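Only one structure is covered here, and it is reproduced in the block below.
The values are calculated or read from the model by the stated rules, or taken from the named source; none is laboratory data. Only a predicted model underlies this, so the values are computations on that prediction, with no experimental measurement involved. Methodologically, a virtual Cβ is constructed for each residue, glycine included, from the backbone with ideal geometry; neighbour enumeration extends over all protein chains shown. Quick note on the areas: whole protein, heavy atoms, side chains included, nothing else; ligands and nucleic acids left out. Shrake-Rupley method; radii C 1.70, N 1.55, O 1.52, S 1.80 Å.
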Amino acid sequence: MKLPLFPLQICILPHGYSKLRIFEPRYQRLVKESLKNDLGFGACMLDEDNKTLLPIGTRCNIVDFETLEDGLLGVTIKGIEKFELGTYTIEKDGLKRGNVFPVPSWQVLPIAEHQQKYTQILQDLLNEYPEHLSQYNLDNFMDLSWVCQRWIEILPISPSEKQHCMAANDPKPTLAMLNNVLK
């Protein structure tokens, strides 16, 4: 599948939400294209130097848009599925378009009693952002894989550490990191 790519300094994963401010013409074009097709676009994190696209990204759809107070376009995006980035091209205006290959989602996993702290702390954090929290179904907080993906999105760790967790076949590396961070 070939998608327009949006390099970001943030991480979004399947079932995650984020808001973006769109001001560059190439990304305005990406938004227009994404609203016309069912595929959406690819969100790719940049490396620590903000120069290189990292290999694991997320296909996203635009679920809402608005004109912001400063006149810029604001879009709300939702993560659909992870992908591995293959080759990409750069168009005249700088928009990147890449070949992407879907990566299987993590299995839904029940949260064990000793893991409930991850859910509780996440809910407490998201309670501070009710607009963001309202995007999620409360049942999601009972799925360890979903909870771990939200943690990957918000933890203040390096892009390479996030990539390590995203590339895994399950949430085990994320759990190991959470155990260290939330001691």
Exercise. Would you list which aspartates and glutamates come within 19 Å of residue 92, measuring only between C-alpha atoms, while excluding same-chain residues fewer than 8 positions from it?
Key: 24, 33
Exercise. Towards the positive end of the charge dipole of the range 88-183, with charges on Cβ (+1 Lys, Arg; -1 Asp, Glu), say which of 98, 122, 132 has the farthest Cα.
Key: 98
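Summing Lys, Arg as +1 and Asp, Glu as -1, what charge do residues with Cβ under 15 Å from the Cβ of residue 61 carry, residue 61 excluded?
+2
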Self-check item: Relative contact order of the range 1-138, defined on C-alpha pairs under 8 angstrom at six or more residues apart (%)
Solution: 26 percent
Quiz item: Placing +1 at every Lys and Arg Cβ and -1 at every Asp and Glu Cβ, with all other atoms neutral, what dipole size does the range 112-183 have around its Cα centre, in debye to the nearest 20?
Solution: 280 debye
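With all protein chains present, how much of the accessible area of the range 6-152 (probe radius 1.4 Å) comes from carbon and sulfur, to the nearest whole percent?
After summing per-atom areas, the C and S share lands at 52 percent.
How much accessible area per residue does the chain have, counting only protein heavy atoms and a probe of 1.4 Å, in square angstrom?
Accessible area per residue, the chain: 55 Å².
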Quiz item: What list of ³J(HN,Hα) couplings, whole Hz, do you get for the range 81-95 from phi and the Karplus terms 6.51, -1.76, 1.60, once you set θ to phi - 60° and write x for glycine and proline?
Solution: 8, 6, 9, 9, 7, x, 6, 9, 10, 10, 7, 3, 8, x, 5
Quiz item: Where does the chain land at 222 nm, in deg cm²/dmol rounded to the nearest 500, when only DSSP H runs of n ≥ 4 count, each adding -39500 (n - 2.57), divided by all residues?
Solution: -9000 deg cm²/dmol
Quiz item: Kirkwood hydrodynamic radius (Cα pairs, Å) of the chain?
Solution: 17.1 Å
Self-check item: At most 10 other Cβ within 10 Å, DSSP loop - GluC sites (Glu not before Pro), the range 94-135
Solution: 128
Quiz prompt | Inter-part distance where the range 73-144 and the range 1-21 are each reduced to a Cα centre, Å | solution = 9 Å
Exercise. Report, for the chain, the % of DSSP beta bridges that are antiparallel, rounded to 5.
Key: 90 percent
Quiz item: Hey, which of these cross-link pairs are over 29 Å Cα-Cα: 36/162; 2/78; 96/172?
Solution: 36/162; 96/172
